[in-house]
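Working notes, beginning with the structure itself.
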Amino acid sequence: MNLSLIAVFLWLVVANVLGMLPSKDNHWQRAYVLIAIGLPLLVWVFWENGIWIGLLALAAGMSVLRWPVRYLLAWIRRGIGR
């Protein structure tokens, strides 16, 4: 296992722990930080491990950050509908 996969697994553990902690803003500040850290990690995984492992890492990240993904898809649909 290389360093990029270890970093993604650590990111997933931290994201799950942060999701269990109470929050006043419904975890949005934490989601922004996780996205800012997760995107470079995702590029790193794609670069070192190829597309299939990268897609698995993307799916894992999307399962943790599902609400920001839903809002992004709704925003895209509204943009296409105009």
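The values are calculated or read from the model by the stated rules, or taken from the named source; none is laboratory data. Since the model is a prediction, treat every value here as computed from it, not as a measurement. Each accessible area value is taken on the protein alone, full model and side chains, heavy atoms only, with ligands, DNA and RNA left out. Shrake-Rupley method; radii C 1.70, N 1.55, O 1.52, S 1.80 Å.
Entry comment: accessible area of the chain is 78 Å² per residue, from protein heavy atoms only and a probe of 1.4 Å.
Evaluate 2.2 N^0.38 Å with N set to the residue count of the chain, then give the Cα radius of gyration divided by it. The partial results should precede the final answer.
Working: Rg = 14.0 Å, N = 82, 2.2 N^0.38 = 11.7 Å.
Against the compact-globule rule of thumb, the ratio is 1.20.
Which percent of the accessible heavy-atom area of the stretch 6-82 goes to carbon and sulfur, probe 1.4 angstrom? Write out the running numbers ahead of the final one.
Details: 4360 of 6040 Å².
For the stretch 6-82, the apolar C and S fraction of the accessible surface comes to 72 percent.
For the chain, what are the DSSP H helices with axial Cα length of 18 Å or more and mean Kyte-Doolittle hydropathy of at least 1.6? Those that clear 18 Å and a mean of 1.6 are 3-20, 51-64.
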